[in-house]
1. Are there any pairs, at least 6 apart or on different chains, whose C-beta atoms fall under 6 Å, with the first in the range A:169-196 and farther than 14 Å from A:Leu247 by Cα and among the basic types (Lys, Arg) and the second at pLDDT 95 or above and open to solvent by 20 Å² or more (accessible area, probe 1.4 Å), and if so, which?
2. May I ask you to verify whether B:Ala13 is part of a helix (DSSP H, G or I) and at pLDDT below 95?
3. Would you check if A:Glu266 is open to solvent by 10 Å² or more (accessible area, probe 1.4 Å) and either more than 13 Å from the chain's Cα centre (by Cα) or touching a residue at least 60 places away in the same chain (Cβ under 8 Å) (or both)?
4. Just a yes or no: is a residue in the range B:68-84 hydrophobic (A, V, I, L, M, F, W, C) and farther than 21 Å from A:Leu281 by Cβ?
5. May I ask you to list the residues in the range A:98-114 that are open to solvent by 20 Å² or more (accessible area, probe 1.4 Å) and among the small types (Gly, Ala, Ser)?
6. When you scan the range B:247-267, do you find a residue that is in a loop (DSSP other than H, G, I, E, B), touching a strand residue (DSSP E or B) at 6+ places or on another chain (Cβ under 9 Å) and away from every other protein chain (no Cβ under 14 Å), even just one?
7. Quick one: would you say A:Ser99 is in contact with a Pro (Cβ under 7 Å, 6 or more places away or on another chain) and either under 19 Å from A:Gly31 (Cβ atoms) or in contact (Cβ under 8 Å) with a residue 40 or more places away in the chain (or both)?
8. Taking the range B:63-97 on its own, how many of its residues are farther than 22 Å from A:Phe70 by Cα, out of contact with any Phe, Trp or Tyr (no Cβ under 6 Å at 6 or more places or on another chain) and open to solvent by 20 Å² or more (accessible area, probe 1.4 Å)?
There are 2 protein chains.
Amino acid sequence: MSTSTETSPAAEAAALSEFDRDTAVTLREAGVYDAELSAGWTIIHAVNGGYLLALLGRALGDHLPHPDPFTISAHYLTPSVPGPAVIRTETVRTGRTLSTGTASLYQYAEDGTEVERIRVLASYGDLGALPDDVRTSAVPPAFAPIEQCFSAADNPAPAIPGSSAIADRLDLRLDPSCVGWAIGAPSGKGEMRAWFGLADGREPDALSLLLAVDALPPTSFELGLKGWTPTVELTTHVRCRPAPGPLRVSITTRNLAGGFLEEDAEVWDSADRLVAQSRQLARAPRG
Amino acid sequence: MSTSTETSPAAEAAALSEFDRDTAVTLREAGVYDAELSAGWTIIHAVNGGYLLALLGRALGDHLPHPDPFTISAHYLTPSVPGPAVIRTETVRTGRTLSTGTASLYQYAEDGTEVERIRVLASYGDLGALPDDVRTSAVPPAFAPIEQCFSAADNPAPAIPGSSAIADRLDLRLDPSCVGWAIGAPSGKGEMRAWFGLADGREPDALSLLLAVDALPPTSFELGLKGWTPTVELTTHVRCRPAPGPLRVSITTRNLAGGFLEEDAEVWDSADRLVAQSRQLARAPRG
């Protein structure tokens, strides 16, 4: 038994990135996974929806015969809180290039009964098996160079009071054109753009894209609205395995009406590939 | 018993529009609906995905306590064919303003076993209960006046060979900028725009919007690709009850890569309201 090429379980755990550690799931029985929702990915007291989606996405990728989420829709039912959770997955159909499944995340009420937090329906494939053809007409939106963009540390008086633990997990650099809200001068445009990375340097992959599409401040801040924009539904298409390096995330809202708004996100990698597209329906803040 | 204000069942059936007649569902038992997929909504031999979504949407609207689809995601598993089908619905959660449910459409294999065609996850609300605030920054794309647009009857040599029964159900008028494909001169742009109505004059509502988002020729035709673009997943947000009159439907593809493409649709009503937004992931044609 060689010790030189082997890593101890403790060393392996220590080597895990924060993202991989906090989205880990443990198989309890066929289709059922235990998880621990980390307090490290909260904004005020709410657990970030993109982090939760990545956790569900990891469980589904383990359960289904294909590894990567090609299209994944999540309906957010009740607010998740840090602590234990269980994920129940089901295979809907298995095909040659795509398989489809559902996943539900539950937490426990005081009396021990399960309360469903999120329901997911997704089709998975293998990004590594896709042909190389690219006929994309989309071009990346304008981003200021990363060194001219603003991190949370640049903001002496955060517009969001209270703790935002997720800010310590992310290396988020907001484009100067989208930071007016932080100094009380929102642009009035429903746009938010940022360079996105994980603070510990973990490189992007299909799962971290599920986090990236829902990790920026809401576009409603730049529309001059304060307060919460709870997600009703978020659908993400992962179109390509991202190249190493920082991602660029651009989010746009065009239709704020009737108490709801959509957020359209696109994610570009360092190789200028459009690697993910998402849209969510959220409740508009009252303010 | 008054007969003057009463309509006989036969007269009611005769008064039903083609769309309402062909998307009708019959409650068999709690949560289970029988349906008949009509051959009247086929393209070649495939049953149109928007028609199927409307049929599933009607069953879910009957099952859930809220009437209107606010956000509905459909994963298309196996090709549907005209004939009998059964829809099984389940309530995921019931809230004050939104309720969430799933629906599955099955058809029967030769040995009588059920084969799942489509799985849907949706959140329903009441469009009539929404506040009137509209802060939409989106503007309708340019459409030529309806009298300058092209109907199927204007095309002497249809590019799609074979019967397309759905063409008789719809009053579709394609914008002149998007009809190059029909004469062998596609624009090269991933755009398709059309005025949309039902041929028998039935006015639009939330359910017919589910048809409208997937009833135009595929954008891939204008990209110079022939052949089929089977839908993997289609998510639609219904944002407003449409005003009477023709709809304008605009569909855009920006990212054709790795054998897949997205189609983004927006639907505008006669009152210039953005009434629906949708995105689908589809397999790109080989051609």
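The values are calculated or read from the model by the stated rules, or taken from the named source; none is laboratory data. This structure is a prediction, so every number in the text was calculated from the model and none was measured. Positions of Cβ are generated from backbone atoms using ideal geometry, with glycine treated the same way; all protein chains shown enter the neighbour counts. Areas reflect the complete protein model, heavy atoms only, side chains present, ligands, DNA and RNA absent. Shrake-Rupley method; radii C 1.70, N 1.55, O 1.52, S 1.80 Å.
1. Filtered contacts from the range A:169-196: A:Arg169/A:Glu18; A:Arg169/A:Ala199.
2. Yes: the conditions hold for B:Ala13.
3. The answer is yes for A:Glu266.
4. yes
5. If the condition is that a residue be open to solvent by 20 Å² or more (accessible area, probe 1.4 Å) and among the small types (Gly, Ala, Ser), then A:Ala109, A:Gly112 are the ones that fit.
6. So far as the range B:247-267 goes, no, none of its residues is in a loop (DSSP other than H, G, I, E, B), touching a strand residue (DSSP E or B) at 6+ places or on another chain (Cβ under 9 Å) and away from every other protein chain (no Cβ under 14 Å).
7. For A:Ser99, the condition - in contact with a Pro (Cβ under 7 Å, 6 or more places away or on another chain) and either under 19 Å from A:Gly31 (Cβ atoms) or in contact (Cβ under 8 Å) with a residue 40 or more places away in the chain (or both) - is met.
8. Total meeting the criteria: 14.
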